[in-house]
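Everything below concerns the one structure shown next.
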Amino acid sequence: MAVSLQPVKRGLAALALMGLALPALAQTTVSDAWVRASVPHQQSTGAFMTLTADTDSKLVSVASPVAKTAQVHEMTMNGDVMGMREVKAVELPAGKAVSLDPSGYHVMLMGLAKQVKEGEQVPLTLVIEDAKGAKQTIEVQAPVRPLAAEAGHDHGHMQN
């Protein structure tokens, strides 16, 4: 008995065409995410990662259940004076890895519900917006690293 593959080929062709008709969703990858461990009664800590978007996009918000507030901050040096300010968004140029690290842009987790300890995982929810206004939500589990994991600054003592 001969079996015709024609209906299968037509079905595969139709699926391929449907895939072409769907708008491509912008994707952002998150790598090397981590959170700095805190000490008892410390009210804030930092979260760090590398973001790479496949289209021009921006990080517009961050949230975490471990903190009352999560904000994206920028650390700057003016001579030997460190400054820090909240930024509303971090630009993510297409194809370019953007590092959120202790010496530049980073996420501040403020009003910690409890101490975050080495070996734990901190859930982070990132919202990325592409140039057309479409939003992508990314869930990240960031491992907690020891206080001395990376040289940098700690602004647990700073007032906002």
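The values are calculated or read from the model by the stated rules, or taken from the named source; none is laboratory data. This is a predicted model, so every value here is computed, not measured. Methodologically, a virtual Cβ is constructed for each residue, glycine included, from the backbone with ideal geometry; neighbour enumeration extends over all protein chains shown. To get the accessible areas, we keep the full protein, side chains included, count just its heavy atoms, and leave off ligands, DNA and RNA. Shrake-Rupley method; radii C 1.70, N 1.55, O 1.52, S 1.80 Å.
Brief remarks on what is shown
- Counting the residues of segment 49-77 that are open to solvent by less than 20 Å² (accessible area, probe 1.4 Å) and assigned to a loop (DSSP other than H, G, I, E, B) gives 1.
- Restricting attention to segment 104-128, the residues that are farther than 26 Å from H41 by Cβ and open to solvent by 40 Å² or more (accessible area, probe 1.4 Å) total 1.
- Residue, farthest from F48 (Cα to Cα), within segment 93-110, restricted to residues that are under 11 Å from the mean Cα position of the chain (by Cα) and hydrophobic (A, V, I, L, M, F, W, C): V98
- Enumerated strands (runs of 3 or more DSSP E) restricted to segment 101-148, each holding at least 2 residues that are acidic (D, E): 121-130
- Of the residues screened, V8 is one that is over 17 Å from V127 (Cα atoms) and at pLDDT below 90.
- Between D32, D80, the distinction of being open to solvent by 20 Å² or more (accessible area, probe 1.4 Å) and at pLDDT 95 or above belongs to D32 only.
- Filtering A53, A97, A63 for residues that are at pLDDT 95 or above, of a type in the set (G, A, S) and within 21 Å of S38 (Cβ to Cβ) leaves a single hit, A63.
- Restricting attention to segment 130-144, the residues that are at pLDDT below 95 and surrounded by 15 or more Cβ atoms within 10 Å (Cβ to Cβ) total 2.
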